[in-house]
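No lab work stands behind these numbers, since they all come straight from the coordinates. If you're wondering where the values come from, they're calculated on a predicted model, not measured in any experiment. With ideal geometry, Cβ positions are generated from the backbone for all residues, glycine too; neighbour counts draw on all protein chains shown.
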Amino acid sequence: MTKYSHDMLIGELTRLSDSKPGIMQALQRTQELLGFVPDTAIDQVADVCNVSRAEVYGVLTFYSDFRREAPADVVVKVCVAESCQSVGSRQVVKELHDHGYDVHSGNQKDGIACEQTFCLGNCALAPAAMINGKPLGRASATSILAAAKAAK
Amino acid sequence: MTTVFIPRDSAALSVGADLVAEEFARLIRERNLDAHIVRTGSRGMLWLEPLIEIDTADGRIGYSNVDAAGVSELLDSGVLMGNAHASRIGVVDEHEWLAKQERVTFARVGIIDPLSLSDYEAHGGLVGLRKALELTSDEIVEQVTESGLRGRGGAGFPAGIKWKTVLGASADQKYICCNADEGDSGTFADRMLMEGDPFTLIEGMIIAGIAVGATKGYIYIRSEYPHAIETMNEAIDIAMAAGVLGSSVCGSSKAFTLEVRAGAGSYVCGEETAMLESIEGKRGMIRPKPPIPALVGLYGKPTVINNVMTLSAVPMVLANGAAAYQALGHERSRGTQVFQLAGNIAQGGIVELAFGVSLGELVDGFGGGTLSGRPVKTVQIGGPLGAYLGPDAWNVAMAYESLVQAGGMLGHGGIVVFDDTVNMAQQARFAMEFCAEESCGKCTPCRIGSIRGVETIDRIVAGVEQSKNLELLEDLCETMTDGSLCAMGGLTPLPVRSALKLYPADFGITGGQS
């Protein structure tokens with residue numbers, strides 16, 4: 001909660017355009033503003049949405065996009081679904097691991113984290129990756145790490 | 001002034017289209033050339049990306065696999081006049097790969113500026129909506145029913161019948177929900193349409209709204225598609241400002257507004273009832289059916305849920321008439337299907353054709369075989385819940401019923417190709433692993449069955465009590481198929497069983513089982 005005070009966050013959340021602010025949308029807005037959803041934000045989302053903390057926690061832990069800790073400077077999404085498997089994504093994952101990046105845990109190293117994802121919709125130019133939201137096709141461990149370093 | 005068309009589709013961006021566009025812009029300025037750049041969607045010939053096009057008197061001339069470093073040399077060789085160059089592929093519309101297709105839903109993708117409403121109208125946009133505004137609700141629903149349009153999300157349910165149910169329900173509020181949670185590996189048609197021709201989807205949703213009496217629509221787009229989300233949001237703003245959306249659709253007495261809801265990384269939210277929960281902001285847990293969403297849907301109100309491809313076919317159905325759409329197709333699969341060629345394939349991309357084309361024609365004909373140059377071992381059709389088929393299925397006609405007869409399913413029309421280096425036991429294990437990862441957890445066969453499935457496959461591959469464990473796996477698959485609440489657990493056995501049946505050797509199963 002460095003950039004936003006509790007009041008500011010509540011203000012932002014209540015300004016959600018939709019008349020029916022869902023828990024998920026409130027959490028998405030929180031993450032947009034803070035980069036992650038700190039534990040302290042759970043109460044505020046519960047207040048704004050008029051639901052229990054348990055319900056907020058339930059939604060927070062259901063979706064893989066939500067982070068509960070600050071993300072790395074550069075987040076790399078690496079596709080591990082079938083299309084990418086067919087052109088060597090298993091090898092890409094292995095090589096990233098050799099470089100110290102485990103796509104299962106999404107550990108941070110030198111400001112970079114590599115996380116697995118199931119399909120980025122770039123299946124004809126696989127293996128696919130996304131570096132801070134920028135798509136990378138025909139990806140290799142080398143091209144992924146080069147793009148990630150350039151994005152820092 | 002010469003126009004240079006450069007794609008902004010995220011597949012093209014993934015191989016450097018933005019850098020190419022920047023370099024063109026820089027050199028046009030620096031050399032004071034009489035040219036400007038228009039960013040378009042992609043033609044769907046993805047192995048040629050970045051594919052740029054130059055407007056000439058002969059038509060739009062394409063130059064393929066352009067990279068930023070080569071732009072200067074391209075300009076030197078007179079690319080703005082459409083001159084010869086090693087990367088020149090000729091008039092793009094006449095390219096064999098495109099000329100053989102029947103583009104209906106994708107007619108404008110790659111051609112127009114996706115965010116220019118005037119470009120959209122100049123290419124036949126809004127004709128369907130204007131016709132719909134002159135018809136009664138019943139007449140629109142009848143047109144859609146007569147066209148034979150079936151749900152393109154996978155289930156293939158007739159769109160007209162679904163619409164009729166919602167039209168017949170009385171409620172103070174009804175909704176149109178577009179399922180753009182295109183999570184199947186090997187599918188990208190929804191994404192490419194939303195990035196390349198978003199107004200088509202908007203028009204289709206407005207027509208659906210007018211047809212059933214719904215005034216509010218939601219487009220649920222997965223978060224893995226940030227470019228599609230951005231383009232759809234911009235297109236909605238443009239349509240609102242132009243009066244296409246809003247309290248008076250195109251100056252009529254009808255109202256319709258649209259909102260994008262982003263997903264948050266959950267495959268099961270592509271299941272329609274889980275999607276409704278997610279739009280409402282809850283955990284994406286599936287709802288038991290009945291009641292069907294057409295009667296009790298979003299916020300408990302009657303709701304049309306259709307896929308992007310279904311809704312995007314609607315404007316053409318209205319514009320050209322139900323008969324024109326119905327005239328295309330194969331048996332009970334009418335109209336066109338947007339096939340997506342993916343994975344280990346030489347020429348991957350979008351192939352829109354009337355239903356009925358053979359699988360072999362798609363993989364070997366359009367696709368040109370594998371990218372690696374090795375023999376094709378198998379293809380998976382319809383995403384992670386679809387069956388694996390081998391080259392002996394090459395003659396199967398690509399349509400709903402004929403694929404089911406062949407032991408597969410069409411799903412969303414994605415075809416993932418694998419060469420002979422793939423290990424099918426590994427693929428079967430992945431199917432169970434994926435189900436375990438993405439199960440919403442509501443029903444036991446899916447939540448627990450998938451985990452037991454991974455373990456059982458591991459034991460089979462390790463040669464541990466193989467025949468007993470094969471029996472157990474079959475029993476497990478049966479329970480998941482019959483006992484799961486939705487397609488997630490219900491269809492996971494499809495890839496597992498097909499892999500086991502076609503490629504037992506990959507599981508270490510020889511003639512004599514231990």
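Please report the spacing between the Cα centers of the range B:248-324 and the range B:328-353 in Å, no decimals.
Here the two parts' Cα centres lie 23 Å apart.
At what distance in nm do the modelled label points of residue B:295 and residue B:86 sit from each other, each positioned 7 Å from its Cα along Cα→Cβ?
So the label points at residue B:295 and residue B:86 sit 6.6 nm apart.
Please list, or write none, the lysines whose alpha carbon is within less than 18 Å of the alpha carbon of residue B:289, excluding same-chain residues fewer than 8 places away.
B:162, B:301, B:442
Amide H neighbours of residue B:330 under 5 Å, at least 5 residues apart or on other chains, H built in the peptide plane: list them.
Here B:335, B:355 satisfy the definition.
Among DSSP bridges having both ends in the range A:74-151, what percentage is antiparallel? Round to the nearest 5.
If I count the DSSP bridges inside the range A:74-151, around 55 percent turn out antiparallel.
I need to check one value: relative contact order of the range B:117-326, counting alpha carbon pairs closer than 8 Å and at least 6 residues apart, in percent.
32 percent
Taking beta carbons within 10 Å but only from partner chains, what does the mean come to for residues B:338-344?
Taking the mean over all residues of the peptide, I get 5.
For the range B:424-507, taking Cα atoms only, what is the radius of gyration to one decimal and the Dmax to the nearest whole Å?
11.5, 35
Could you tell me what percent of the DSSP beta bridges with both partners in chain A are antiparallel, to the nearest 5?
For chain A, the DSSP antiparallel bridge percentage is about 55.
What percent does the relative contact order of chain B come to when contacts are Cα pairs within less than 8 Å and at least six residues apart?
Rounded, it is 13 percent for chain B.
Assuming R0 = 41 Å, what is the FRET efficiency of residue A:105 and residue B:404, from their Cβ-Cβ distance, to the nearest 0.05?
0.55
For peptide A:83-96, how many partner chain Cβ atoms fall within 10 Å of a residue's Cβ, on average?
That works out to 5 on average.
For residue A:149, list the aspartates and glutamates whose Cα falls under 12 Å from its own Cα; do not include residues on the same chain fewer than 8 positions away.
Candidates past the 8-residue exclusion: A:73, A:110.
Can you pull the Kirkwood radius for the range B:336-421, inverse mean 1/r over Cα pairs, to one decimal in Å?
Here the Kirkwood hydrodynamic radius works out to 12.3 Å.
On the Cα set of the protein assembly as shown, report Rg and Dmax in Å, please.
Cα only, the protein assembly as shown: 24.5, 77 Å (Rg, Dmax).
Within the set of other residues whose C-beta is less than 12 Å from the C-beta of residue A:108, count the net charge using Lys and Arg as +1 and Asp and Glu as -1.
Charge balance near residue A:108 sits at -3.
Considering every pair of different Cα atoms, what Kirkwood radius, in Å, is found for the range B:117-326?
When all Cα pairs of the range B:117-326 are included, the Kirkwood radius is 16.7 Å.
Between the alpha-carbon centers of the range B:16-54 and the range A:17-96, tell me the distance in whole angstrom.
For the range B:16-54 versus the range A:17-96, the Cα centre distance is 35 Å.
Does the range B:459-514 classify as rounded, prolate or oblate by the C-alpha gyration tensor (a ≥ b ≥ c root eigenvalues; a/c under 1.5 gives rounded; else a/b over b/c gives prolate, otherwise oblate)?
Prolate is the answer for the range B:459-514, as a/c is 1.5 or above and a/b outweighs b/c.
Can you give the net charge of the other residues whose Cβ lies under 10 Å from the Cβ of residue B:274, counting K and R as +1 and D and E as -1?
That works out to 0.
Give me the net charge for the shell around residue B:292: Cβ to Cβ below 13 angstrom, other residues only, Lys and Arg +1, Asp and Glu -1.
+4
Tell me whether chain B comes out rounded, prolate or oblate; compute the Cα gyration tensor, take square roots of the eigenvalues as a ≥ b ≥ c, and use a/c under 1.5 as the rounded threshold.
It is oblate, given that a/c is not under 1.5 and a/b is not larger than b/c.
Full-extension gain between residue B:474 and residue B:77, please, as 0.36 nm times their residue separation minus the C-alpha to C-alpha distance.
Answer, rounded to one decimal: 136.6 nm.
With just the Cα atoms defining each centre, how far is the range B:108-128 from the range B:160-216? Give it in Å.
Distance between centres, Cα-based: 19 Å.
Can you list the lysines whose alpha carbon sits under 21 Å from that of residue A:152, skipping same-chain ones fewer than 8 residues off?
Straight-line reach from residue A:152, under 21 Å: A:3, A:77, A:109, A:134.
Can you list the residues, at least 5 places off or on another chain, whose amide H is less than 5 Å from the amide H of residue B:307, using H built in the peptide plane?
HN-HN under 5 Å from residue B:307: B:152, B:153, B:179.
What is the distance, in nm, between label points placed 7 Å from the Cα along the Cα-to-Cβ direction at residue B:25 and at residue B:137?
Output for this residue pair reads 4.7 nm.
Percent relative contact order of the range B:59-106, based on C-alpha pairs within less than 8 angstrom and at least six residues apart?
That works out to 45 percent.
How large is Rg/Rh for the range B:326-474, to two decimals, with Cα atoms and a Kirkwood Rh?
Over the Cα atoms of the range B:326-474, Rg/Rh equals 1.03.
Among the DSSP beta bridges whose two residues both lie in the protein assembly as shown, what percent are antiparallel, rounded to the nearest 5?
For the protein assembly as shown, the DSSP antiparallel bridge percentage is about 55.
Just check the range B:2-99 against the gyration tensor rule for me: Cα atoms, a ≥ b ≥ c as the square roots of the eigenvalues, rounded for a/c under 1.5, and otherwise prolate or oblate depending on whether a/b exceeds b/c.
Oblate shape, in that a/c is at least 1.5 and b/c is the bigger or equal ratio.
Taking each residue of B:175-188 in turn, how many C-beta atoms of other protein chains fall within 10 Å of its C-beta, and what is the average?
4
With r as the distance between the Cβ atoms of residue B:38 and residue A:150 and R0 = 35 Å, compute the FRET efficiency 1/(1 + (r/R0)^6) and round to 0.05.
0.80
Using each residue's phi in the range B:366-378, evaluate 6.51 cos²θ - 1.76 cosθ + 1.60 at θ = phi - 60° and report the 3J(HN,Hα) Karplus result to the nearest Hz, with x for Gly and Pro.
5, x, x, x, 7, 5, 6, x, 7, x, 6, 9, 7
Rounded to the nearest 500, what is the protein assembly as shown's calculated 222 nm mean residue ellipticity when only DSSP H runs of at least 4 contribute -39500 (n - 2.57) each, over all residues?
-11500 deg cm²/dmol
If you average 1/r over all unlike Cα pairs in the range A:74-151 and invert the result, what Kirkwood radius do you get in angstrom?
11.8 Å
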